[in-house]
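Data block below; observations after.
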Number of protein chains: 2
Amino acid sequence: MKPLKVIFQPSGKRGEIQEGKTVLEASRELGVGIESLCGGKQTCGKCRVKILEGEFSPFSQEEGKWIGESEREGGIRLACSARILKDAVIFIPEESLAQIQIIRKRISERPVELNPTIKSYFVKLTPPSFYDLSGDFERLQKTLSDAHSLPPLHIDYPALSKLTKVLREGDWEVTVFVWMDREILDVKPKNNVKVSGLAIDIGTTTIAGYLCDLKTGELIATQSMMNPQVIYGEDVISRITFAMDHPDGLQILHQAVINGLNQLIQLITESSNTSPEDIYELTVVGNTAMHHLFLGIDPQPLGVSPFPPAIHQSMDIKGRDLRLKIHPSANVHILPIEAGFVGADNVGVLLALEPYNQDDMVLIIDVGTNGELVIGNRNHLLSASCAIGPALEGAHIQFGMRAAQGAIERIEISPKNFEVNYEVIGNSKPRGICGSGIIDGVAELYRAGIIDSSGRFKKEIRSPRLRWINEKPEFVIAWKEETSIGKDIVITQKDIRNVQLAKAALYAGAKLMMKKLGIEKLDKVILAGAFGAYIHPEKAMILGMFPDCDLKNVFSVGNAAGEGARIVLLNKEKRLEANEIVKKIKYVELTLEIDFQREFVEAMDIPHMRDSFPHLHLYRQ
Amino acid sequence: MKPLKVIFQPSGKRGEIQEGKTVLEASRELGVGIESLCGGKQTCGKCRVKILEGEFSPFSQEEGKWIGESEREGGIRLACSARILKDAVIFIPEESLAQIQIIRKRISERPVELNPTIKSYFVKLTPPSFYDLSGDFERLQKTLSDAHSLPPLHIDYPALSKLTKVLREGDWEVTVFVWMDREILDVKPKNNVKVSGLAIDIGTTTIAGYLCDLKTGELIATQSMMNPQVIYGEDVISRITFAMDHPDGLQILHQAVINGLNQLIQLITESSNTSPEDIYELTVVGNTAMHHLFLGIDPQPLGVSPFPPAIHQSMDIKGRDLRLKIHPSANVHILPIEAGFVGADNVGVLLALEPYNQDDMVLIIDVGTNGELVIGNRNHLLSASCAIGPALEGAHIQFGMRAAQGAIERIEISPKNFEVNYEVIGNSKPRGICGSGIIDGVAELYRAGIIDSSGRFKKEIRSPRLRWINEKPEFVIAWKEETSIGKDIVITQKDIRNVQLAKAALYAGAKLMMKKLGIEKLDKVILAGAFGAYIHPEKAMILGMFPDCDLKNVFSVGNAAGEGARIVLLNKEKRLEANEIVKKIKYVELTLEIDFQREFVEAMDIPHMRDSFPHLHLYRQ
């Protein structure tokens, strides 16, 4: 097949691609970002493009679900469906352009007792003579043992190969970098004190890095970026599917995250006047799929019942074996995995929040593309995973979008006149609604009495904002004049239904876990996860995302998973604690619980069909 | 500087090189082999070439030492001295062409108790279910523990990344390859039994490989090749100099030996219907300089008193870290080093010959470019190193050459008429004399009464073969009509002197070590080393290479160092034995012994100035 010329507008990016590729595939090859929340499975309708020139495969039935007759005549297609058959010019509308997400991955900087894996020792050696002919390494070994009582050490190959030169360059005064009192990672001439470590949280959507000084424990720099895998699928399942459906899929996804990390390492070190070679240790958290793809492990079994991971236990791998551009002898520590869908990120959350050291019975909800639940205290600890889908992150929502410039993130609706106040990220005109916005929106619709507890729009409400299109109701959050996309931004009945499905899964999960523990009330609720920090606790409770709790004891925390990675970076004993947690925590497979279906249905109501919320004070109803 | 066109004849090889490079450097860049025993230091005179066209740097004083007036007028230059200033055509005469050496590195195949580092286990796993959610690795771990009582294992990263796929491909029946009961190196579907290992001897001149089946212990294939570093210098010292004098010298030498090993691995696996990926373990011996260059360690300190090595102890390094093209998780085990110049090759020799398990007092002479001596039995063990230079290998000898096609390897001289019988490698016309030939030659000159015990030619001898050129005597071994180079092949007074210097160093070393042990006679003498096997024991004793011993108990063995590498490949317990030997053996620095100079001078005589050789029966004298 001969290559075709393809031009993307408005960027003007162009290049050659093979005949028969979809517009989406072409955009990836040419480095053009088209929004594709479902990863090209024709199930999200977000990748709409306008054909300006060229010949394409026939309009498909799936496309018909998303694209109306008149749009179709205007040349609108789904990028994931239309295959390019002749040279083409394709226009990507504003709403289909993949945006740079506003990265929200701050962590708390709770002080951590400093006890890193890397220690450096400045030593002075006696030079060799005919009366002391021992080798350079044995000489160093002996000095370390005499001066610092270190046990016999192994020396990593790159350090060994430079040892001879460095000892003489330093005139027999050198700094030795030792890992875990076990292995020499480097030797540098004279007194050299720079030792950094990097904690990494590989999220499905966002990768965050926290650069720390391992001599002081100080957080030197924070850097986040989109997970470059996003262009191959928005959520975990679509990535697993991509890896299965493409011969090189696994390799592509693995390479994408490694390249991304190397970029992040470049950025974070440049921003802080350090060098990648100063990073002697890297700690990694991530959900099970991210963990597997980071390690180049086939994630396919994670998509098939009973979802076993490739490995539970924590791992130490040389960064060079992963082609990470840090110190050539640096170790990469990957936190352990609890169960198929409760990954190393959740272990990070637990380390950061330490429910196992508390008397209070706490519920931790790590809200992301997947929902991870932990309930427990010092006596008991249960974990579970809910397939909540990406609705709470803004996907599967008609005007849903990521937390990027132009996203409505806060909504208030007056119960009196149904007028709407909203806040937009970047203070620009809105072009969609992000996760915290949609939670606010649905909660406010309920509080204002516009929808009933089953989530249905009330027919009796009279407001220009509530309208019926083909018998399907929707509520206008922003009029088209206010927006940057020239369309009314609305919340539809289907959007509300999707939010209900997600929150019901979380609620039912929490309820079942409470039952298992024989408890009736929660002492504390913590909303964690990159976007958990932006959820309004009261709105979430109005919605019924979790069982009743005193609102004073409902907290949003930042990126607790990333915080966990920072903790094990700074204190190696915490790695043992992580392994203990994994042994202690009991994983509950919710889909196997016979009550799950009933609890789920009851939790569909806002806030719930039967449970009472004594701590909730609604303005109405 | 603009590139110049250079053509080498008779091969016709051509290419571009930078102005100002020497002919030798140009030949290396263009892959033309010019003999260069001294490595370009203008001290051997072996790299004579004939200029056909072009302009070169002026004739140097050094060249004058090797090239006579009439030769000079004929365009003869030393390749290491003449720098190319204009496009050139250069002819390389037969005698200056680097030859493919006849590789003589056979080892004995003494049975070794099989106890390799790699064991493979065929196991059947129970597939995961909702009632057994453990990870793939933990599942494998448990099966190995239940079925084979293996302790908790580490899994190497490449094996981990494929585990998930392989378990399912094999339908939960897999073969696991475990190193040292410690680390999983690979997992393959179903029952897979191929496990090979490769023992490597990196000699200064020759690299030899011995491929073994680690399931049966069988020697599958043997392969040898020139050490590709030879073009950068013939002996250890000239390589160290090369590494010092060139900015990338160390890297060039390191890369050369790694490339060479990868070639050897390719050849040896092709010849035996195995694959490089079947090699799970590689063991390496070599002298200290070869050891360092193999590991990319700066060898400079080995050239400077007190010659400390970078490391004594044995090492285990992943083959991938050395860029060796074998199994990606294969381990490379490098034997320990005794002292600066008594390297891992000597440890290999000791493992092969086991003097430490014998009552007999044995002298082991490992003859190579360097001479390594061991004397001892089960009670005592001394080692030493003699800088004998490469004379015994045929260098620094007027017509010396490597053991290649056309080399005279055996010489007999009739004491009656001084006629000469010789044997030539490959049964072709001779073009030089190799190591065993020169030992034979000098011993026979003495036995025939042509030279006296001081090594001087006797003036009273009347033979057309003994002639004086400018008062300098030489003895014709082969008349020019018999040779392939159109010149008489002779042994000169200087050649004899060089052989005497070498043998005196060995003798004096052995004598001093005997004194240290308080012994007066040897029970056994073993000549080891690649070319040790080709030395005629009686001729060596006539020459006085070692103190008197019953000729019945003087043995030539093959490549004992390589045999040692094979032993530790097949039996991991022998690695502990190697480390024990290194601790047990006492290294004697001969140059520090006050008697050394006197012993050396006395040993210059043939066979010796004072010591008697009751076991030697000379035909004359």
Can you name the condition, by its number, that B:VAL374 falls short on among (1) surrounded by fewer than 24 Cβ atoms within 10 Å (Cβ to Cβ); (2) more than 11 Å from every other protein chain (Cβ to nearest Cβ)? (1)
Of all the strands (runs of 3 or more DSSP E) wholly in the range B:507-591, which have at least 2 residues that are surrounded by 23 or more Cβ atoms within 10 Å (Cβ to Cβ) and away from chain A (no Cβ under 14 Å)? B:524-528
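Looking at B:VAL176, B:VAL166 in this structure, which one is hydrophobic (A, V, I, L, M, F, W, C) and buried (at least 23 other Cβ atoms within 10 Å of the Cβ)? Outline the logic, then answer.
On the way: B:VAL166 fails: buried (at least 23 other Cβ atoms within 10 Å of the Cβ).
Criteria check complete, one pass: B:VAL176.
So which residues in the range B:461-487 are farther than 22 Å from B:MET604 by Cβ and more than 33 Å from the chain's Cα centre (by Cα)?
So in the range B:461-487, the residues farther than 22 Å from B:MET604 by Cβ come out as B:462-465, B:467-470, B:476-487.
If the condition is that a residue be farther than 22 Å from B:MET604 by Cβ and more than 33 Å from the chain's Cα centre (by Cα), then B:ARG462, B:SER463, B:PRO464, B:ARG465, B:ARG467, B:TRP468, B:ILE469, B:ASN470, B:GLU481 are the ones that fit.
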Yes or no: the range B:427-437 includes at least one residue that is outside any strand (DSSP E or B) and among the hydrophobic types (A, V, I, L, M, F, W, C). yes
Residues satisfying the stated conditions in the range B:116-152, i.e. within 14 Å of chain A (Cβ to nearest Cβ), touching a residue at least 40 places away in the same chain (Cβ under 8 Å) and not in a loop (DSSP other than H, G, I, E, B): B:LEU140
Please work out which residue is surrounded by the most Cβ atoms within 10 Å (Cβ to Cβ), limiting yourself to the range B:330-339 and to residues that are more than 10 Å from chain A (Cβ to nearest Cβ) and more than 18 Å from the chain's Cα centre (by Cα). B:ALA330
Do we have any residue at all in the range A:230-240 that's among the aromatic types (Phe, Trp, Tyr), modelled with pLDDT under 90 and touching a Lys or Arg at 6+ places or on another chain (Cβ under 9 Å)? yes
Residues being surrounded by fewer than 24 Cβ atoms within 10 Å (Cβ to Cβ), modelled with pLDDT of 90 or more and more than 7 Å from chain A (Cβ to nearest Cβ): count how many of those fall in the range B:295-312. 1
Quick one: would you say B:MET290 is within 12 Å of chain A (Cβ to nearest Cβ), in a helix (DSSP H, G or I) and over 29 Å from B:ALA159 (Cβ atoms)? no
By residue number, the members of the range A:592-604 that are within 14 Å of chain B (Cβ to nearest Cβ) and either touching a residue at least 40 places away in the same chain (Cβ under 8 Å) or of a type in the set (Val, Ile, Thr) (or both) are A:GLU593, A:ILE594, A:PHE596
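On the given criteria, is B:HIS327 part of a strand (DSSP E or B), more than 18 Å from the chain's Cα centre (by Cα) and not hydrophobic (A, V, I, L, M, F, W, C)? Walk me through how you get there before you give the answer.
On the way: part of a strand (DSSP E or B): no; more than 18 Å from the chain's Cα centre (by Cα): yes; not hydrophobic (A, V, I, L, M, F, W, C): yes.
No.
Output the strands (runs of 3 or more DSSP E) that fall wholly within the range B:3-76 and possess 3 or more residues being touching a residue at least 40 places away in the same chain (Cβ under 8 Å) and under 30 Å from the mean Cα position of the chain (by Cα), or say none.
Values: elements: B:3-9, B:14-18, B:48-53.
Hits in the range B:3-76: none.
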Given the criterion more than 27 Å from B:ILE451 (Cα to Cα), among the charged types (D, E, K, R) and either touching a Phe, Trp or Tyr at 6+ places or on another chain (Cβ under 8 Å) or modelled with pLDDT of 90 or more (or both), identify the matching residue among B:GLU393, B:GLU354, B:GLU419. B:GLU354
Checking A:LEU324 against (1) under 23 Å from A:CYS47 (Cβ atoms); (2) within 14 Å of chain B (Cβ to nearest Cβ); (3) of a type outside the set (Val, Ile, Thr), the condition it does not meet: (1)
Which one of these does B:VAL349 not meet: (1) hydrophobic (A, V, I, L, M, F, W, C); (2) part of a strand (DSSP E or B); (3) more than 8 Å from chain A (Cβ to nearest Cβ)? (2)
Please enumerate the residues belonging to the range A:182-223 that are in contact (Cβ under 8 Å) with a residue 60 or more places away in the chain and of a type in the set (A, V, I, L, M). A:LEU185, A:VAL193, A:VAL195, A:LEU198, A:ALA199, A:ILE200, A:ILE202, A:ALA208, A:LEU211, A:LEU214, A:LEU219
For A:ILE526, state whether it is assigned by TED's automatic domain parsing to the domain that holds A:ASN370 and closer than 25 Å to A:GLY343 by Cα. yes
Residues in the range A:257-274: is at least one touching a residue at least 24 places away in the same chain (Cβ under 8 Å), over 27 Å from A:LYS215 (Cβ atoms) and within 14 Å of chain B (Cβ to nearest Cβ)? yes
Filter the range B:186-200 for residues that are crowded, with 24+ Cβ neighbours inside 10 Å and not β-branched (Val, Ile, Thr) and give the result. B:ASP186, B:SER196, B:GLY197, B:LEU198, B:ALA199
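The values are calculated or read from the model by the stated rules, or taken from the named source; none is laboratory data. Every value quoted in this text rests on a predicted model; they were computed, and no experiment measured them. With ideal geometry, Cβ positions are generated from the backbone for all residues, glycine too; neighbour counts draw on all protein chains shown.
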